Amino acid sequence: MSTVLITGVRAPIALDLARSFSAAGHDAHVADSIYPWTARLSRQTRNRFHKFAPPRFAFTKFAEDLARLVNQLKPDWIIPTCEEVFYVAEAGARQGFADRVLAPPPSMLRTLHSKVDFAHFAQANGVTAPETTRVTSPEELSAFRDRSRTVVLKPEFSRFASHAKIRPTAEELDTIKPTAAEPWAVQDFVEGDEICVWSSSMNGEVTAFAAYKPLWRLGQSSSFYFERDDDPAILETTRAIARAANATGQLSFDVIRTRNGAILPIECNPRGISGIHLFDSDPRLARALLNETPLQTPRAEARHIGPAMWLFGAPGALASGRFEAFQHDIKRSRDVLNVPNEPMLGAGALLDAGRFTLIGLSRGRSASGQSTDDIEWNGEPIA
């Protein structure tokens, strides 16, 4: 039996991974810089939760804490789940355990995380991506004023579609103030359907893959309903990028499928996303991450996060006249927090959501922004 250390357990997908590895016969430990209620109330993580310093605010202490955990647990693999991946990879490079981190090296992580550099990387490796330009001043941005309705603007390093402006007016464009320290990406708008992609690779070869339509979501932000999409063209695009990056680790993408079926990746998140939920913690997911099986794809048609569906999806469906569609979708899916022998996961998720919301309000941040406050990385040097 081998040992794995899964970081970023504030994300429900981390518990999915832990259950998958346990079912596959591994000793799965989890860690985070906060102690989320989902982990506190989970039987899966009992006596297997470890805490480290917040990597964004105390990287040196974080790296020391992680090195101590590596020496203590002797994990075969360290599997980052959220944006702490950047700090875990950097700590591994400095502390000598990089070969155990299931993630690309820091330099490649930066290329993938940058909304500008990723588009250029994809294009340079034969993958069609929208034209994307970095702007570092209002003067540079003003060059796009006359065609503002044909572009998408977003901070170069951002998440959850935070601050994104889709086909803004010229006046909206004028309100954005890029700087060299906080650059923005200007990307050609592509008409089509947005598809989210999660994958895991080993030495550039995709070992697990899930694409899904984000049917229900909060505005432009993260979705809480995931409908599987089996388009083979998405898998081929994912394979092309993974091979170009010679990636070991998780790669996630937002792609646009145009009316003629072309697949254009618009950004990359080199970490886990909700597509993992479609595997239902099956042990074959763990085996695929470790490259012990052929390519694995999910069997579930759709999954959802129950509390979010009822708190946000139901009111939105009523307001937009889509409640019949809401009822249909929820009946054909399953709540990812409804797990056998884990009766308190839903309560834990609600407590975590309340925690991030309240702290975020006190600091002028959204709940999603607060959820990554101590682990997010925005391109700055890691001290």
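Miscellaneous remarks
- Comparing Ala325, Ala31, Ala208 in a Gaussian network model of the chain where C-alpha atoms under 10 Å apart are linked, the largest mean-square fluctuation is found at Ala325.
- Expressed per residue, the C-alpha convex hull volume of region 35-128 stands at 136 Å³.
- Counting only Cα atoms, region 201-339 measures 47, 36, 21 Å along its principal axes, largest extent leading.
- Considering only Arg149, Arg363, Arg284, the Gaussian network model of the chain with Cα springs below 10 Å gives its largest mean-square fluctuation to Arg363.
- Pairwise FRET efficiency - Asp99 versus Asp188, Cβ, R0 = 35 Å, nearest 0.05: 0.35
- With the simple spin-label model, which puts each label point 7 Å out from Cα in the Cβ direction, the Ser362 to Glu131 separation comes to 4.8 nm.
- Remark: region 8-24, residue by residue, has Karplus-estimated 3J(HN,Hα) of x, 6, 4, 8, x, 5, 5, 5, 4, 5, 4, 5, 4, 5, 5, 5, 8 Hz, where x stands for each Gly or Pro and the curve is 6.51 cos²θ - 1.76 cosθ + 1.60 at θ = phi - 60°.
- Residue by residue, region 310-326 carries 3J(HN,Hα) couplings of 7, 6, 10, x, 5, x, x, 5, 5, 5, 9, x, 10, 5, 5, 5, 4 Hz when phi is fed to the Karplus relation 6.51 cos²θ - 1.76 cosθ + 1.60 (θ = phi - 60°); x denotes Gly or Pro.
- Footprinting exposure proxy ranking of Thr38, Thr3, Thr179, fewest other C-beta atoms within 10 angstrom first, gives Thr179, Thr3, Thr38.
- GNM result for the chain, Cα springs below 10 Å: residue of Leu109, Leu69, Leu15 fluctuating most strongly: Leu69
- Our coupling estimate for region 220-226, obtained by passing each phi through the Karplus curve with A = 6.51, B = -1.76, C = 1.60 and θ = phi - 60°, is 8, 7, 4, 8, 10, 9, 10 Hz, Gly and Pro reported as x.
- Violating pairs (Cα-Cα greater than 29 angstrom) within the set Lys115/Lys177; Lys115/Lys213; Lys74/Lys154; Lys165/Lys213: Lys74/Lys154
- With q set to 0.16, 0.30 Å⁻¹, the log10 of I(q)/I(0) for region 131-188, from the Debye formula over equal scatterers at the Cα positions, is -0.38, -1.45.
- Look at the Cα gyration tensor of region 41-94: its axes a ≥ b ≥ c give a/c of at least 1.5 with a/b over b/c, and that counts as prolate.
- Extension gain for the segment Ala347 to Thr297, taken as residue separation times 0.36 nm less the Cα-Cα distance, is 15.1 nm to one decimal.
- Rounded to the nearest 20, the size of the Cβ-charge dipole of the chain about its Cα centre is 820 debye, with Lys and Arg at +1 and Asp and Glu at -1.
- Counting every other Cβ atom within 10 Å of each residue's Cβ, Lys51, Lys115, Lys331 order from fewest to most as Lys331, Lys51, Lys115.
- One chain, two ends: Thr60 and Ala325. Fully extended at 0.36 nm per residue, the span grows by 90.4 nm beyond their Cα-Cα distance.
- Identified option (computed mean projected area of the Cα convex hull in nm²; candidates [x] 19.3; [y] 18.4; [z] 23.0): [y]
- Cα gyration tensor of region 302-383 - equivalent ellipsoid semi-axes, whole Å, descending: 29, 17, 13
Bear in mind these aren't lab numbers, they're just calculated from the coordinates by the rules spelled out. Note that the structure is a prediction, hence the values are computed from the model and not measured. Cβ coordinates were reconstructed from backbone atoms using ideal geometry, including for glycine residues, and neighbour counts include every protein chain displayed.
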